[in-house]
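Q: Quick one: structure below, then a few questions.
The values are calculated or read from the model by the stated rules, or taken from the named source; none is laboratory data. Fair warning: this is a prediction, and the values are worked out from it, not measured in the lab. In this analysis, Cβ positions are derived from the backbone assuming ideal geometry, glycine residues included, and neighbour counts consider all displayed protein chains. The area values use the complete protein model at the heavy-atom level, side chains included, leaving out ligands, DNA and RNA. Shrake-Rupley method; radii C 1.70, N 1.55, O 1.52, S 1.80 Å.
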Amino acid sequence: MRIGLLTEGGYPYATGEARLWCDRLVRGLPQHEFELYALSRSAEQERARIPLPEHVTHVRTAPLWAPADDGRTYSRRERRRFADCFKELVHGICAGAPDPFAAGLYGLAGLAREQGGLYAALRSESAVRALEAACRAPGASRTVQAAHVADLLEFVDELECMLRPLSLDWYEEDGRGEGLGAVDVCHAAAGGVAALPGLLAKRFFGVPLLVTEYGVQLRAHYLSHLGAGQGEEPRPAVRALLAAFHLRLASEIYARADFLTPGNAHARRWQERCGATRDRLRTVYPGMEADRFAAVGESADRGDPDTLVWVGRVEPAKDLIALLHAFAEVRKAEPRARLRIFATAADPGYLADCRSLAAQLFPDEAADSITVGENPVAFEEIGGPEAPSAAEAYGSGRVVVLSSVIEGFPLTLAEAMLCGRATVSTDVGAVREVIGGTGLVVPPRNPRALAEACLSLLGDAERAERLGAAARARALELFTVEQNVTAFQEIYLRLLAKGSQRSDGGGIPFARPPEARVPGHWTSPTWAKPAPDPTSEAAV
């Protein structure tokens, strides 16, 4: 089977879990051919490609960061066609109308497919005027109606980048039978712009589309542009237009995809609210390498009984400020308690604030007048001498704490469970679904409740050990690479057997059997070659 894997800013370039789960999936299914279609976010990212297995037949990359002007200019007829399609698109965005949005999107895709790129047309004065008319039309929100010229120009620039997949040459089959139009299944490793090429392959070639979201792209956009992001934020009108575009795109993807695999029930609820039907949904949890944590998880050593451990990226969403205040309450009841904070990455400004607060709350302590004082809160990094690996970081204490106010699927919590550690977590995202009763859950932004939960486990070693054992058993059942790969293997076969209205198979299941493309000398067997022309010289 040939799988077209679609990514944005991830595999095979970016580091982190977004890249790792794709790599585990590809390596776990060596019996299939994978073709990678990656949308990159920077030139530096493209220079950091990871080694790929042999059954990845080729990689095609398109930058979303570089200018995409192909010098194409449209004739008067083509400009009129573009104007009609673009008016429908922006009307769907501004008025929240799904039908005009879809008609405009596919109309622009058809124009780009026939006549070339949309770069110049999307940045033209006529495009800005059409957007302005849509913003002023009845049905648009007050924020959108108040858009100024600068807002319109900024949004058009953003829209041109997000619509670049419409102009790519990824879809048509070339002489070697490559392209998204030739694969058996398109698998988008995320929603949003990453799934747009798969949406077009389904529209024009009938290729089945599978969309996996471990973090809902629409939710991530809201968080990054509506107050939870870092850096300079767009103006209100631009934020509203971008939010409307992403909502309409997500709704179209959820409506057209043949199958959707959210990574947890939290993501699933987002998809259902945006139009996904339950018969096309199946929760598939991320696959994690359990062997990395086996030594700690199976060890009789349960870690320092007085130590709390926190692991993750140091940023405001993790609410380490509340954790430090909670730990101050823990210290009042348990003076021997210690808190070890292991950073996988950090926001420098927020890390400095946390260090400053820890120094104020917990002055350095010394056992006597000679010993050098130490702070009960330690800030460390994974890979340091005290914790060369994540498993050893989790294993250094009895209880692992998660204090976030925003979470999707809490990977650090699942890793702690694989290490057999009891957990105390805030009730955000998919936390309850992940722990399933094997840990304690408290409300977010409540340091007192967090402190009480930590104290209950620090003071009861037997309970902590019992919860840790149950947590490890649950993690081994649900969050391993094997269960993840098996689930996607079944889904691939289901989509292939279901059949689709392809232009080359007439909707007949297995019209193009994958066995006809087995690598090796069977690829072009003698019996599959056309018979020679009896009138040719070779036949004589």
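Q: Please state the equivalent ellipsoid semi-axes for the stretch 443-496: what are the square roots of 5 times the Cα gyration tensor eigenvalues, largest first, in whole Å? Mind showing how you got there, number by number?
A: Numbers: eigenvalues 285, 51, 5 Å².
Whole-Å semi-axes of the equivalent ellipsoid: 38, 16, 5.
Q: On to the next question. Run the helix sum for the chain: -39,500 (n - 2.57) per DSSP H stretch of 4+ residues, divided by residue count, reported at 222 nm to the nearest 500 deg cm²/dmol.
A: -13500 deg cm²/dmol
Q: Report the gain in length on full extension from E381 to T344: 0.36 nm times residue separation, minus Cα-Cα distance, nm rounded to one decimal. Spell out each step's value before the answer.
A: Working: separation 37, 0.36 × 37 = 13.32 nm, distance 0.63 nm.
12.7 nm is the gain from fully extending E381 to T344.
Q: Using alpha carbons only, how many degrees (0 to 90, rounded to 10) separate the axis of helix 461-478 from the longest principal axis of the chain?
A: The angle comes out near 10 degrees.
Q: Sticking with this structure for a sec: Going by accessible area, probe 1.4 Å, with all protein chains left in place, what is the ranking of K332, K318, largest first? Provide the component values of the computation, followed by the final result.
A: Numbers: K332 155, K318 35 Å².
Ranking K332, K318 by accessible area, largest first, yields K332, K318.
Q: Just how much of T344 is accessible, in Å², when a 1.4 Å probe is used and the result is rounded to the nearest 10?
A: Spelled out: T344, probe radius 1.4 Å, area about 90 Å².
Q: Next up: With viscosity set to 1.002 mPa s and temperature to 20 °C, compute the Stokes-Einstein D of the stretch 264-317, Rh being the Kirkwood radius across alpha carbon pairs; µm²/s, no decimals. Provide the component values of the computation, followed by the final result.
A: Details: Rh = 15.5 Å.
Translational D for this selection: 138 µm²/s.
Q: On a 0 to 90 degree scale, rounded to 10, what angle separates helix 348-361 from the longest Cα axis of the chain?
A: For helix 348-361, the angle is close to 20 degrees.
Q: Let me ask something additional. Run through the stretch 254-316 and list the GluC sites (Glu not before Pro) located in a DSSP loop whose Cβ has at most 12 other Cβ atoms within 10 Å. Walk me through the intermediate numbers first.
A: Numbers: sites: E272, E289, E298; in loops: E289, E298.
Taking the stretch 254-316 and a limit of 12 other Cβ atoms within 10 Å, the loop GluC sites (Glu not before Pro) found are E298.
Q: How far is helix 196-205 tilted off the main Cα axis of the chain, in degrees rounded to 10, range 0 to 90?
A: Roughly 30 degrees, rounded to the nearest 10.
Q: Need the full-extension length gain, A137 to A497, defined as separation in residues times 0.36 nm minus the C-alpha distance. One decimal, nm. Intermediate values should be presented prior to the final figure.
A: Values: separation 360, 0.36 × 360 = 129.60 nm, distance 4.62 nm.
Taking A137 through A497 to full extension adds about 125.0 nm, to one decimal.
Q: So what J values fall out for the stretch 333-347 if you push phi through Karplus, 6.51 cos²θ - 1.76 cosθ + 1.60 with θ = phi - 60°, rounded to Hz, Gly and Pro as x?
A: 8, 10, x, 8, 5, 9, 10, 10, 9, 9, 9, 7, 6, 7, 7
Q: Report the one residue of C135, G104, Q115 whose Cα lies farthest in the direction of the positive end of the charge dipole of the stretch 71-185 (charges on C-beta: Lys and Arg +1, Asp and Glu -1; origin at the Cα centre).
A: My answer, from the dipole projection, is C135.
Q: Let me ask something else about it. Please work out the FRET efficiency for the pair I406 and D99, using the Cβ-Cβ distance as r and a Förster radius of 30 Å; give the result to the nearest 0.05.
A: Details: r = 34 Å, r/R0 = 1.12.
For R0 = 30 Å, the calculated efficiency reads 0.35.
Q: Please state the equivalent ellipsoid semi-axes for the stretch 239-298: what are the square roots of 5 times the Cα gyration tensor eigenvalues, largest first, in whole Å?
A: On the way: eigenvalues 206, 46, 15 Å².
For the stretch 239-298, the ellipsoid semi-axes come out as 32, 15, 9 Å.
Q: Right, another one. To the nearest 10 Å², what's S403's accessible area with a 1.4 Å probe?
A: That residue has around 0 Å² of solvent-accessible surface.
Q: If you don't mind, another one. Between the stretch 431-452 and the stretch 118-186, what is the C-alpha centre distance in whole Å?
A: 43
Q: Still on this structure, I have one more. Which of the trypsin sites (Lys or Arg not before Pro) across the stretch 1-97 are loop residues per DSSP, with 16 or fewer other Cβ within 10 Å? Numbers along the way, then the final one.
A: Details: sites: R2, R19, R24, R27, R41, R47, R49, R60, R72, R76, R77, R79, R80, R81, K87; in loops: R41, R47, R49, R72.
Here the sparse-neighbourhood loop sites are R41, R47, R49, R72.
Q: Taking the Cα atoms of the chain, report the difference between the largest and smallest coordinate on each principal axis, in whole Å and largest first.
A: 100, 65, 41
Q: Using a/c under 1.5 as the rounded threshold, could you call the stretch 129-211 rounded, prolate or oblate? The axes a ≥ b ≥ c are square roots of the C-alpha gyration tensor eigenvalues, and prolate needs a/b larger than b/c, oblate otherwise.
A: On the way: a/c = 3.25, a/b = 2.58, b/c = 1.26.
Note, shape of the stretch 129-211 comes out prolate.
Q: Still on this model: Charges at C-beta only: +1 for Lys and Arg, -1 for Asp and Glu. How large is the resulting dipole of the stretch 162-302 about its Cα centre, in Debye rounded to 20? Numbers along the way, then the final one.
A: Working: 17 positive and 17 negative charges, 155 e Å.
Here the stretch 162-302 has a charge dipole of around 740 debye.
Q: Hey, for a label at T61 modelled as a point 7 Å past Cα toward Cβ, could you say which residues of the stretch 28-46 have their backbone N under 15 Å away?
A: 36-46
Q: Moving on to the next point. Within the stretch 126-180, report the trypsin sites (Lys or Arg not before Pro) that DSSP leaves as loop and that have at most 16 other Cβ atoms within 10 Å. Mind showing how you got there, number by number?
A: Values: sites: R129, R136, R142, R176; in loops: R176.
Filter output for the stretch 126-180: R176.
Q: Taking a cut-off of 23 Å, what percent of all Cα-Cα pairs in the stretch 178-325 are separated by more than that? Working shown, then result.
A: Working: 5852 of 10878 pairs.
The answer is 54 percent, as a whole percent.
Q: Which ³J(HN,Hα) values, rounded to whole Hz and listed in residue order, are derived for the stretch 45-57 from phi using the Karplus coefficients 6.51, -1.76 and 1.60 in 6.51 cos²θ - 1.76 cosθ + 1.60 with θ = phi - 60°, glycine and proline given as x?
A: With coefficients 6.51, -1.76 and 1.60, one gets 5, 5, 7, 10, 6, 7, x, 10, x, 5, 7, 8, 6 Hz.
Q: Still on this structure: In whole Å, what is the distance between the alpha-carbon centres of the stretch 374-424 and the stretch 1-54?
A: 28
Q: Could I ask something else about it? Is the stretch 1-101 best put as rounded, prolate or oblate by its Cα gyration tensor, with a ≥ b ≥ c the root eigenvalues, rounded for a/c under 1.5, and otherwise prolate when a/b is larger than b/c, oblate when not? Intermediate values should be presented prior to the final figure.
A: Numbers: a/c = 2.37, a/b = 2.05, b/c = 1.15.
Here the stretch 1-101 falls in the prolate category.
Q: Another one. PRE reach from E374 (point 7 Å along Cα→Cβ): which of the stretch 395-420 fall under 14 Å by backbone N?
A: Only 397 pass the distance filter.
Q: For R466 and I50, calculate 0.36 nm times their separation in residues minus their Cα-Cα distance, and state this gained length in nm to one decimal. All intermediate terms of the calculation are to be shown ahead of the outcome.
A: Working: separation 416, 0.36 × 416 = 149.76 nm, distance 4.01 nm.
This chain segment gains 145.8 nm when fully extended.
Q: Now, a different point. In Å and whole numbers, how far do the C-alpha atoms of the stretch 277-388 stretch along each principal axis, longest first?
A: Principal extents (Cα only, largest first): 68, 36, 28 Å.
Q: Using a 10 Å Cβ count of at most 12 others and DSSP loop calls, identify the longest part of the chain lacking such chymotrypsin sites (Phe, Trp or Tyr not before Pro). Provide the component values of the computation, followed by the final result.
A: Values: sites that count: F510, W522.
Counting at most 12 other Cβ atoms within 10 Å as exposed, the longest clean stretch of the chain is 1-509.
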